[in-house]
Amino acid sequence: MSVPAARQPGDERKEVLGAALRAFGDTLRRRQDVVRALQWGFVALYLFLLFVPLLAPLAPAHGAFFARVAHWAEALFWGFWWPAVILSMMLFGQFWCGVFCPDGALTEFASRRGLGRKIPPWMRRAALPLALFALIVVYEHLSGARHSHGGTLLVLGTVSLGAVLTGLLYGRGKRVWCRYLCPTASIFSMLARCAVLHFKVDREAWDRAPRPLPGAVDCPLLLDVRRLRSNEKCSMCGRCSGHRDAVRLAWRAPGQELATLGDGEVREWEAVGILFVLIGLFYGAMHWQGSAWHGWLAAALGGAGGWRGGTAAALLAILLAAGTLGGTIGLLLLAAARGRYREACRLAYGLIPLGGAGLMLGAMEHSFAILRRADVLLDATHLHALRAMVLMVAAAWSVVLGMRMQRAVGRARGFYPMSVLLLLIAYLFAPVSPAILAGLQAVAAA
């Protein structure tokens, strides 16, 4: 007669947490009417903030109102939404995409009424969204799009238009745009693999489910739920929760998915994207641009070879910073993997927590600029302390992940912590953007 295993301390808390998460996931499935109401509420707010300021020429007497709406739009889109969504992706997964995203609701609505064409092969290229996102980042930072309502409308409006047109042309009530083309989904997919929440599928329970079997899951992203192992594409919409009593929202250790990547889940193009887009390009565009070195390099490039204007020079300066940082870290990872290219690609995934933290901090600088314009004083000590605290936690997270990945590689482990240390130093000593610096100087003068 077997003796039941003794309960360990904390088992009761884990059971309570597991039951609460499962109930929340099942609620998402049952109350899709509430989810749709939330989505369309966000669509209404999004369209209001995006298009109402364009009516200003038609009613000059109400110019102050339209100016306030434009200010709210900048504050919400760039000051709050972007940093908050980045953080939520790293902690909880892509709930934003499945429950709140206006573009997701619009593309699914259009797809239910569209032509329903078959998804073309070119659209299935895995690296396409990341390439589109890199182009948007470069344009946005060279043009200063986030600092004007016209630029915001052009960037966000173009993405939304692409979502609607994709829905009208392809799929049958599915989010083809979100699965294959959404530019932000490329970065969100990386960050969501760090999350502590996921929809866990019990394959054995799925296969032994009693008949009659329920209908197929209405997965908006066309995922094979039975074989779902990753948070990479899951939008956390909850529509599969409880299916065959085999799918449930569950807790997992932070970064567990990254630390246990299978050989088939390591993609070379994605590792390159981590090094040169998530880390390199964002550093060059968000952090490096505030540097005197960036200004000097852009001026030097602009004054040589007959360059006209500073745009091309600024672009080269950003790309040079991105290539230098990403390439140096890549060489350290290759050394850590003892020259094994495939293992170096695997180690690149371990840098996602630190790269995501750097991305969030870069986005938050625009939040601080908005606060400064609203006469909210910023303390330089507190700002740098916050930056250091976030980066130290993220660096420790990346070190733990990387060292777990390296257990099967062998020696030369010191090179991986060196890559994390290099990136940490780059973020810690990245200059604060000119707008923030001016605000801090004003505080000091006061």
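The values are calculated or read from the model by the stated rules, or taken from the named source; none is laboratory data. Just so it is clear, the structure is predicted and the values come from calculations on it, not from any experiment. Reconstructed Cβ throughout: ideal geometry from the backbone, glycine too, with neighbour counts over all protein chains shown. Ligands, DNA and RNA are stripped out before the accessible areas are found, and what is left, the full protein with its side chains, is counted by its heavy atoms. Shrake-Rupley method; radii C 1.70, N 1.55, O 1.52, S 1.80 Å.
Any residue at all in region 316-332 that's in contact with a Leu (Cβ under 6 Å, 6 or more places away or on another chain), of a type outside the set (Lys, Arg), open to solvent by 20 Å² or more (accessible area, probe 1.4 Å) and at pLDDT below 80? No; the residues of region 316-332 include none that is in contact with a Leu (Cβ under 6 Å, 6 or more places away or on another chain), of a type outside the set (Lys, Arg), open to solvent by 20 Å² or more (accessible area, probe 1.4 Å) and at pLDDT below 80. Suppose we filter region 140-158 for residues that are modelled with pLDDT of 90 or more and either open to solvent by 40 Å² or more (accessible area, probe 1.4 Å) or touching a Gly at 6+ places or on another chain (Cβ under 7 Å) (or both); how many remain? Number satisfying all stated conditions: 2. In region 357-373, is there at least one residue being surrounded by fewer than 15 Cβ atoms within 10 Å (Cβ to Cβ) and either at pLDDT below 90 or within 20 Å of the chain's Cα centre (by Cα) (or both)? Yes, that holds for at least one residue. When region 336-348 is filtered for residues that are in a helix (DSSP H, G or I) and touching a Gly at 6+ places or on another chain (Cβ under 9 Å), the ones remaining, listed by number, are Ala336, Ala344, Leu347, Ala348. Taking first residues from region 318-331 that are assigned to a helix (DSSP H, G or I) and among the polar types (S, T, N, Q) and partners that are open to solvent by 30 Å² or more (accessible area, probe 1.4 Å) and at pLDDT 90 or above, the Cβ contacts under 8 Å between residues at least 6 apart in sequence or on separate chains come to Thr328/Leu422. When Phe95, Phe109 are checked against the criterion of being under 19 Å from Arg239 (Cβ atoms), touching a Ser or Thr at 6+ places or on another chain (Cβ under 8 Å), among the aromatic types (Phe, Trp, Tyr) and in contact (Cβ under 8 Å) with a residue 24 or more places away in the chain, a single residue qualifies: Phe95. Answer with yes or no whether Ala134 is under 27 Å from Ser230 (Cα atoms), touching a residue at least 60 places away in the same chain (Cβ under 8 Å) and outside any helix (DSSP H, G or I). The answer is no for Ala134.
Grab the helices (runs of 4 or more DSSP H) fully contained in region 145-218, keeping just those with 1 or more residues being under 17 Å from Leu128 (Cα atoms) and touching a residue at least 24 places away in the same chain (Cβ under 8 Å). The helices (runs of 4 or more DSSP H) meeting that bar are 149-169, 183-192. Search region 234-252 for residues that are under 17 Å from Arg211 (Cα atoms) and pair each with any residue that is among the hydrophobic types (A, V, I, L, M, F, W, C) and open to solvent by 30 Å² or more (accessible area, probe 1.4 Å) when their beta-carbon atoms are under 6 Å apart and the residues are at least 6 apart or on different chains. From residues that are under 17 Å from Arg211 (Cα atoms), the pairs are His243/Val217. Scanning region 166-180 for residues that are over 14 Å from Cys101 (Cα atoms) and either crowded, with 20+ Cβ neighbours inside 10 Å or touching a His at 6+ places or on another chain (Cβ under 7 Å) (or both) yields a count of 7.
A single member of Leu197, Leu191, Leu221, Leu181 is closer than 24 Å to Phe109 by Cα and touching a Gly at 6+ places or on another chain (Cβ under 8 Å), and it is Leu181.
Residues that are at negative phi and not hydrophobic (A, V, I, L, M, F, W, C) within region 252-268 comprise Arg252, Pro254, Gln256, Glu257, Thr260, Gly262, Asp263, Gly264, Glu265, Arg267, Glu268, listed in sequence order.
In the set Val52, Val35, Val69, only one residue is open to solvent by less than 20 Å² (accessible area, probe 1.4 Å), in a helix (DSSP H, G or I), β-branched (Val, Ile, Thr) and without any contact (Cβ under 8 Å) to a residue 40 or more places away in the chain; that residue is Val69.
A quick yes/no check of all residues on (1) touching a strand residue (DSSP E or B) at 6+ places or on another chain (Cβ under 9 Å); (2) in a helix (DSSP H, G or I); (3) open to solvent by 50 Å² or more (accessible area, probe 1.4 Å):
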residue	(1), (2), (3)
Ser241	yes, no, no
Ala250	yes, no, no
Leu258	no, yes, no
Leu261	no, no, no
Gly264	no, yes, yes
Glu270	no, yes, no
Ile274	no, yes, no
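Taking (1) in a helix (DSSP H, G or I); (2) out of contact with any strand residue (DSSP E or B) (no Cβ under 9 Å at 6 or more places or on another chain); (3) more than 20 Å from Gly157 (Cβ to Cβ) in turn, Met123 satisfies each apart from (2). Residues that are among the basic types (Lys, Arg), in contact with a strand residue (DSSP E or B) (Cβ under 8 Å, 6 or more places away or on another chain) and at negative phi do not occur anywhere in region 90-112.
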